[in-house]
Amino acid sequence: MGGSKMDNKKHFDAIIIGAGSLGTPTAYYLAEAGLKVLVLESVPSVGQGSNKRAIGGIRATHSDPAKIRMCLRSIEIFSTFKDRFGDDIEWDECGYSFVAYSEREEKILKDLLLIQKPYGLQNDWVEKSDLLKIIPDLNPINLLGGTFSPKDGSASPLLANHAFYTHAVKLGAQFHFSEPVVSMEIDHDLITSVTTTKDSYSADVVINAAGADAMQIGRMAGLELPVKPDSHEAAITEPVARFLGPMVVDIRPTEGSSNYYFYQHITGQVIFCITPKPNAWGNDVTETSGFLPMVARRMIEIMPRLRNIRVRRTWRGLYPMTPDGFPIIGKAPQLSNFVLGVGLCGQGFMLGPAGGELLTRIVLDRTTVEDAETLSYLSPLRQFAGEEKLK
Ligand SMILES: Cc1cc2nc3c(=O)[nH]c(=O)nc-3n(C[C@H](O)[C@H](O)[C@H](O)COP(=O)(O)OP(=O)(O)OC[C@H]3O[C@@H](n4cnc5c(N)ncnc54)[C@H](O)[C@@H]3O)c2cc1C
């Protein structure tokens, strides 16, 4: 990959657009590989886009080889972060439990185990009586059982992103904040310059990691990327003594929502989210009055004890959604120095570290046989016809 050279100070081996869940770890791994890296970010600091809106869930319990493999790797990175770097990113190996209150969910979850197991995932079906030992406060009425994956967990999206940022900077990566990218100059198949509100730069490779704004960045390079912002709401309660271990996920669709999930943070607060049905397309991140009554009813039904906890705050953020629910990671079509790390949907925080390593191998042309399989699922050229089973 090669771009035209500006003066030396403004030419970089790699420019990353976006210092979010994916862009910031990518800056770290590229700098670690010895590249001269520039990150351009619209807002004044790292992780302020969708990253800080994430509730911190990290699971490898997906329904496809690409996300399973990537998240297994991310879990290795998150769970050893403190030992390796010294930073406390609030990693908690709390596990995930997808619960089943009807035969429909039991069948979906058991079928998924057949896909997950060959990838070395620790996830098992747990009968009702054993599940109630793991999550004693689950409503036992109609409960059939559920899956439990003990190695999944949670961490702080802001602490993790900030830690990647400080280590990237130590390795020489440059971050330019409050400097949105506004245009790109293209010559044949090459991005020759990236222009912000303040200056222009060039690079051997330009990486689009602009989250919910990835489509606009794509258009600057003449590409129509199928990434649309989809608004999701979340909330946090007051802290209470620890009573809940794993993240609980209920995939029963009901009117207004297709699923919801919650866990108790290590500092005692219960944090929760719902997937609205139909999707709430657009950039609006103003909280709604409909979210809390809808999700609270569902959560209290499944865990009556939650009725006593007071909610402190709700917020709304954007999933950068693709039509099939899978990210788009790989070299862009038509352009020889443009790489895409976009469309991370509802899993960008957990995919970020492994995604950063993967993008680094793409840039260095060092992808492995396993990467080739992973990238085939995430290809920018795929048909986008499938549908992810565990969004
Ligand atoms: C309520 C909610 C809960 C969630 N929970 C989880 C969870 O538990 N686990 C999980 O893994 N994921 C979760 N997610 C999803 C996760 O937040 C996203 O998938 C992830 O943050 C996307 O990462 P990203 O790097 O693509 O985008 P971002 O983190 O948004 O980063 C993109 C960056 O690009 C910058 N940018 C945009 N345009 C430009 C421009 N023109 N020039 C320069 N910079 C630009 C933005 O300012 C932003 O900082 C949740 C999301 C929401 C909304």
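The values are calculated or read from the model by the stated rules, or taken from the named source; none is laboratory data. Bear in mind that the values here come from a model prediction, so they are computed numbers and not experimental data. Positions of Cβ are backbone-derived with ideal geometry, glycine not excepted, and every protein chain shown enters the neighbour counts. With ligands, DNA and RNA removed, areas are computed over all heavy atoms of the protein, side chains included. Shrake-Rupley method; radii C 1.70, N 1.55, O 1.52, S 1.80 Å.
Worth pointing out:
- Ranking His167, His188 from most to least accessible surface, computed with a 1.4 Å probe over the protein chains only, gives His188, His167.
- Once backbone amide H atoms are built at 1.01 Å from N, Phe175 has Val39 as its partners under 5 Å, excluding neighbours fewer than 5 places away on the same chain.
- Taking θ as phi - 60° and the Karplus parameters 6.51, -1.76 and 1.60, the scalar couplings of the stretch 308-320 work out to 8, 8, 8, 7, 9, 7, 10, 8, 10, x, 10, 8, x Hz in sequence order, x denoting glycine and proline.
- Calculated FRET value between Ala385 and Trp281, using beta carbons and R₀ = 25 Å, to 0.05: 0.80
- The Kirkwood hydrodynamic radius of the chain, based on inverse pair distances between different Cα atoms, is 21.4 Å.
- Of all accessible heavy-atom area on the stretch 209-326, the percent that carbon and sulfur account for (1.4 Å): 55 percent
- Residues listed by number, the stretch 307-350, amide nitrogen under 20 Å from Ala241 label point at 7 Å toward C-beta: 307-311
- Tilt relative to the chain, helix 103-116 - C-alpha long axis, 0 to 90 degrees, to 10: 40 degrees
- Just checking the listed ones, Leu378, Leu318, Leu359: in the Gaussian network model of the chain with Cα springs under 10 Å, the one fluctuating most is Leu378.
- Under 5 Å from the amide H of Ser193 lie the amide H atoms of Glu185, each residue being 5 or more positions distant or on a separate chain, with H modelled from the backbone and absent for Pro and chain starts.
- Across the stretch 261-266, rounded Karplus estimates of 3J(HN,Hα) from the backbone phi angles (6.51 cos²θ - 1.76 cosθ + 1.60, θ = phi - 60°) give 8, 7, 8, 9, 5, 4 Hz, Gly and Pro being marked x.
- Within the chain, percent of DSSP bridges classed antiparallel, to nearest 5: 70 percent
- For Leu114 and Leu144, a Förster radius of 22 Å and the Cβ-Cβ distance give a FRET efficiency of 0.75, rounded to the nearest 0.05.
- Solvent-accessible area, 1.4 Å probe, carbon plus sulfur percent, for the stretch 1-136: 49 percent
- Using C-alpha pairs under 8 Å with a sequence gap of at least 6, the mean separation divided by the residue count of the chain gives a relative contact order of 24 percent.
- Using a cutoff of 8 angstrom between alpha carbon atoms and counting only pairs six or more residues apart, the relative contact order for the stretch 25-144 works out to 21 percent.
- Of interest is the spacing of the C-alpha centroids, which for the stretch 6-54 and the stretch 334-363 amounts to 12 Å.
- Axis angle, to the nearest 10 degrees, between helix 157-170 and the longest C-alpha principal axis of the chain: 30 degrees.
- Each stretch of four or more DSSP H residues adds -39500 (n - 2.57); spread over every residue of the chain, this sum gives -8500 deg cm²/dmol at 222 nm.
- Using the Karplus relation 6.51 cos²θ - 1.76 cosθ + 1.60 with θ = phi - 60°, the per-residue 3J(HN,Hα) values for the stretch 127-135 come to 5, 3, 5, 6, 5, 5, 6, 6, 10 Hz, with x marking Gly and Pro.
- When the chain is treated as a Gaussian network with alpha carbon springs shorter than 10 Å, the biggest mean-square fluctuation among Ala280, Ala241, Ala168 belongs to Ala241.
- The mean accessible area for residues of the chain, using a 1.4 Å probe and ignoring ligands and nucleic acids, is 41 Å² per residue.
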